[in-house]
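Encoded as structure tokens, the structure appears first; notes follow it.
The values are calculated or read from the model by the stated rules, or taken from the named source; none is laboratory data. Keep in mind it's a predicted model, so treat the numbers as computed, not measured. Positions of Cβ are generated from backbone atoms using ideal geometry, with glycine treated the same way; all protein chains shown enter the neighbour counts.
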There are 4 protein chains.
Amino acid sequence: MIKVTVWNEYRHEKLNETVAQIYPNGMHHTIAEALQTSGFQVHTAVLDDPEHGLTEAVLRETDVLVWWGHIAHDEVSDAIVERVQRRVLDGMGLIVLHSGHFSKIFKVLMGTTCSLRWREADEKERIWTVNPSHPIAQGIPEQFVLPQEEMYGEFFDIPEPAELVFVSWFQGGEVFRSGCTFRRGRGKIFYFRPGHETYATYHNPHVQRIITNAAAWAAPSPELVVPREHQGPWPSFEPVPGGK
Amino acid sequence: MIKVTVWNEYRHEKLNETVAQIYPNGMHHTIAEALQTSGFQVHTAVLDDPEHGLTEAVLRETDVLVWWGHIAHDEVSDAIVERVQRRVLDGMGLIVLHSGHFSKIFKVLMGTTCSLRWREADEKERIWTVNPSHPIAQGIPEQFVLPQEEMYGEFFDIPEPAELVFVSWFQGGEVFRSGCTFRRGRGKIFYFRPGHETYATYHNPHVQRIITNAAAWAAPSPELVVPREHQGPWPSFEPVPGGK
Amino acid sequence: MIKVTVWNEYRHEKLNETVAQIYPNGMHHTIAEALQTSGFQVHTAVLDDPEHGLTEAVLRETDVLVWWGHIAHDEVSDAIVERVQRRVLDGMGLIVLHSGHFSKIFKVLMGTTCSLRWREADEKERIWTVNPSHPIAQGIPEQFVLPQEEMYGEFFDIPEPAELVFVSWFQGGEVFRSGCTFRRGRGKIFYFRPGHETYATYHNPHVQRIITNAAAWAAPSPELVVPREHQGPWPSFEPVPGGK
Amino acid sequence: MIKVTVWNEYRHEKLNETVAQIYPNGMHHTIAEALQTSGFQVHTAVLDDPEHGLTEAVLRETDVLVWWGHIAHDEVSDAIVERVQRRVLDGMGLIVLHSGHFSKIFKVLMGTTCSLRWREADEKERIWTVNPSHPIAQGIPEQFVLPQEEMYGEFFDIPEPAELVFVSWFQGGEVFRSGCTFRRGRGKIFYFRPGHETYATYHNPHVQRIITNAAAWAAPSPELVVPREHQGPWPSFEPVPGGK
């Protein structure tokens with residue numbers, strides 16, 4: 001059984017009544033429920049937990065980490081970012097949602113500014129599948145609509161994704177690479193654009209399916225080989241003339 | 001005229017007589033001469049210069065930065081690494097040589113450990129061209145030999161390269177992805193494996209040609225568009241029903 | 001001086017008065033003029049020329065071939081398609097425009113159906129640059145508008161591009177991967193979406209700049225190495241114990 | 001249960017006693033047994049069957065096709081190649097083994113010559129994992145040895161793989177991109193180098209594991225969306241001013 005930890009900044013829900021009404025127990029609970037229903041073993045953690053809920057013990061028991069953050073990226077401790085990065089490089093999957101594009105953990109894994117354009121205007125987003133046979137696109141129609149979302153537009157300053165799975169169209173005239181995969185070390189990463197806190201996006205069944213597909217895709221194999229300690233100095237297999 | 005800054009840690013040449021004999025004025029001078037001969041405007045900088053020779057003024061006048069470091073990666077100041085990273089994301093090319101795989105600047109741009117296997121055994125390296133039409137491979141034969149080099153072996157913990165240009169074969173039984181391109185922000189990056197300090201690798205005409213090809217390839221266009229300040233909040237092109 | 005051959009089916013211009021008014025000498029002439037102005041040596045060829053104007057002699061003198069076809073793909077002889085394919089694999093650049101997505105030459109090089117959605121509705125297309133440092137994007141703004149174009153929509157059945165340079169937004173709700181690079185053999189290929197015959201698209205300066213940028217990018221190096229005859233049986237460099 | 005059809009040219013086994021001793025019932029039987037043991041439902045087909053054993057009915061019941069051919073590529077009918085290609089583009093997985101690099105089906109899907117260097121010299125091949133978290137590499141050590149194999153060397157004239165999973169080292173001095181993934185249409189393709197008929201390669205447990213991993217990876221999802229008939233003319237979602 002794949003173990004997923006859903007991490008949420010969990011601030012908007014306490015500060016903004018609109019958000020609280022959409023996600024009474026926090027976005028992490030809505031996402032966690034969708035994952036549980038699909039057969040994952042789910043744990044949640046939030047910024048204000050001790051060590052942000054991301055202790056060594058929790059990460060050891062996490063196959064895939066889902067990340068939502070927005071207004072408090074700076075409050076995430078550098079030491080814990082480094083701990084999460086190390087786990088990703090060792091094989092833990094990572095799903096970064098929406099405004100998580102500016103989280104410390106996403107930026108250190110990408111190496112870029114991760115900046116983009118944005119506009120809050122209650123506008124329509126249409127999400128297109130451009131890689132229909134990708135595991136993350138299974139069961140997802142060729143396009144679906146989120147009736148109201150925040151706009152994110154190009155240029156999205158990320159390294160060219162390993163695979164581009166979804167592209168968004170926005171009513172106001174923009175496009176966005178909305179579903180992108182990356183590999184870092186032994187870890188698989190999926191960035192997924194939708195999910196502004198004032199909309200019911202994480203209640204959408206297609207969005208839920210994409211997140212559960214991504215969790216299955218990103219989970220490390222139990223037989224992952226090449227542990228990190230094998231790196232470094234190394235003897236030779238073949239005789240090397242003149243070799244020391 | 002493309003402006004290249006060749007940066008060298010410049011320690012081995014002062015500490016080790018073998019290295020000093022091969023590179024009497026430092027590896028940076030040998031590399032700089034090859035670039036000058038090919039028509040680049042070249043500047044050099046070393047670790048022990050003030051600000052490591054990488055002041056804002058120097059970087060502003062640098063189209064492509066070549067980086068060689070090994071035993072003193074930790075002495076490079078974090079502030080200057082961040083300054084170089086910003087310039088790369090804004091369009092400056094970066095060529096990382098050999099043991100520079102473990103430099104701070106390469107690691108922050110890759111997001112991974114950048115670890116690998118290695119062995120010093122005076123062994124033969126044969127470099128194969130696997131992308132013969134790539135600009136960096138122009139004038140390079142299908143394979144060439146470095147009679148004595150340090151071995152670098154897989155797994156090389158980097159993100160999957162945008163393009164794989166060269167693969168090395170080693171006498172002792174290993175292979176290595178030796179010529180890899182990446183894009184970060186508006187900047188182009190080339191990692192090139194060879195160049196252990198105790199061998200005359202940077203005197204090799206094929207190695208020099210690859211570095212000069214890479215400098216031409218990595219130089220930013222004078223017409224580079226989408227300045228960073230365009231990122232952020234953005235008005236809409238089309239009327240957005242309900243838009244604020 | 002880079003030698004470009006602009007190939008046009010050249011049928012719509014003779015059959016449809018609207019097209020004839022926009023392109024009195026054929027689309028190939030409009031495109032050829034733009035290339036000439038930018039310093040390329042340009043030749044044109046059309047379907048009804050003997051051997052479609054693509055004799056061995058013409059191809060031998062062609063660094064980059066530009067292709068526009070639509071209603072007469074089937075009239076292109078298989079033998080000439082094979083001849084063009086062979087030249088691309090040996091290093092000739094190929095720029096495929098708009099409805100050329102269904103040309104025989106594009107389909108044999110891609111291996112897929114190259115199908116897509118489409119709609120003729122005089123609608124607005126906005127082209128976004130998603131790879132601003134790519135040579136093909138130089139001098140191109142972050143987005144530009146074609147006020148009336150045919151819509152092309154996803155899923156576009158091509159292999160995942162080597163590099164994605166442009167993405168289109170359409171008024172009617174679709175997105176499209178509009179600027180895609182591929183490598184096949186030693187040849188570079190660029191597919192560029194716009195250019196329905198009833199619109200003045202090839203008079204647009206941004207479109208012209210993209211095509212000239214692409215021609216410069218796709219031209220083979222004069223020092224292209226690894227001729228095809230080196231392929232096949234091969235002696236060894238190293239002694240092989242037990243080797244025959 | 002994933003349904004795999006293992007296709008073999010099945011000629012060497014009848015013509016050459018060495019091959020017959022290694023594979024008394026043909027290579028397809030050895031490969032089929034490994035797949036059955038791992039829980040796949042397996043069918044076999046050979047060149048001399050009617051329609052090469054690849055009838056519409058057989059392909060309809062095939063999730064993944066494994067292909068081994070060598071001396072009789074030309075005897076495979078073009079009509080059946082086209083039928084197999086259509087099935088791949090509609091989602092069937094394809095695993096192409098060793099000399100299948102020159103099969104008609106691989107060449108039409110790649111669009112290139114698929115040529116390479118080769119040498120039969122009973123030499124050692126060491127296969128390195130360069131993408132350890134890829135599903136096809138699960139359970140495979142960081143490197144393993146085939147004590148005697150035919151050499152295949154670069155330049156291997158294929159499009160740049162979507163993912164590079166394995167790289168081979170050969171005793172005689174060459175390297176080769178030995179495990180490569182591609183996507184064409186909705187179908188996933190894996191090329192795997194080893195398997196010269198005069199060696200016991202398909203009895204090797206690592207080779208068997210790689211083939212079974214690849215079959216699991218290449219199998220289409222039961223929920224594959226975007227059927228081909230959705231391609232073509234298309235209405236709009238949004239009102240298009242001036243739209244017809």
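Looking at the structure I just gave you, is residue D:90 charged (D, E, K, R) and within 21 Å of residue C:111 (Cα to Cα)?
yes
Residues in the range C:184-198 that are surrounded by fewer than 24 Cβ atoms within 10 Å (Cβ to Cβ) and at positive phi: 1 in all. Of the numbered criteria (1) facing another protein chain (nearest Cβ under 7 Å); (2) surrounded by 23 or more Cβ atoms within 10 Å (Cβ to Cβ), the one residue A:201 fails is (1). With respect to the conditions (1) part of a loop (DSSP other than H, G, I, E, B); (2) within 14 Å of chain C (Cβ to nearest Cβ), residue D:96 lacks only one, and its number is (1). Of the candidates A:190, A:176, the single residue that is aromatic (Phe, Trp, Tyr), over 12 Å from the mean Cα position of the chain (by Cα) and either in a loop (DSSP other than H, G, I, E, B) or more than 7 Å from every other protein chain (Cβ to nearest Cβ) (or both) is A:176. In contact with a Pro (Cβ under 8 Å, 6 or more places away or on another chain) and among the aromatic types (Phe, Trp, Tyr): does that describe residue A:155? Yes: the conditions hold for residue A:155. Restricting attention to the range C:123-133, the residues being of a type outside the set (Val, Ile, Thr) and modelled with pLDDT of 95 or more number 5. Answer yes if at least one residue in the range A:210-228 is without any contact (Cβ under 8 Å) to a residue 60 or more places away in the chain, at the interface with chain B (Cβ under 8 Å from one of its Cβ atoms) and in a helix (DSSP H, G or I), and no otherwise. No, the conditions are met nowhere in the range A:210-228. For the range B:108-165, give me each residue that is within 7 Å of another protein chain (Cβ to nearest Cβ), in contact with a helix residue (DSSP H, G or I) (Cβ under 8 Å, 6 or more places away or on another chain), crowded, with 21+ Cβ neighbours inside 10 Å and in a strand (DSSP E or B). The answer is B:129, and nothing else.
Residue A:186 satisfies every condition listed in (1) within 26 Å of residue A:16 (Cα to Cα); (2) touching a Pro at 6+ places or on another chain (Cβ under 7 Å) except (1). Would you call residue D:241 part of a loop (DSSP other than H, G, I, E, B), facing another protein chain (nearest Cβ under 10 Å) and at pLDDT 80 or above? For residue D:241, the condition - part of a loop (DSSP other than H, G, I, E, B), facing another protein chain (nearest Cβ under 10 Å) and at pLDDT 80 or above - is not met.
Residue check: is residue A:23 within 22 Å of residue A:92 (Cβ to Cβ) and aromatic (Phe, Trp, Tyr)? Here the answer is no, as residue A:23 does not meet what is asked.
Does any residue of the range B:38-46 turn out to be of a type outside the set (Gly, Ala, Ser), under 17 Å from residue B:220 (Cβ atoms) and in contact (Cβ under 8 Å) with a residue 60 or more places away in the chain? Within the range B:38-46, one or more residues are of a type outside the set (Gly, Ala, Ser), under 17 Å from residue B:220 (Cβ atoms) and in contact (Cβ under 8 Å) with a residue 60 or more places away in the chain.
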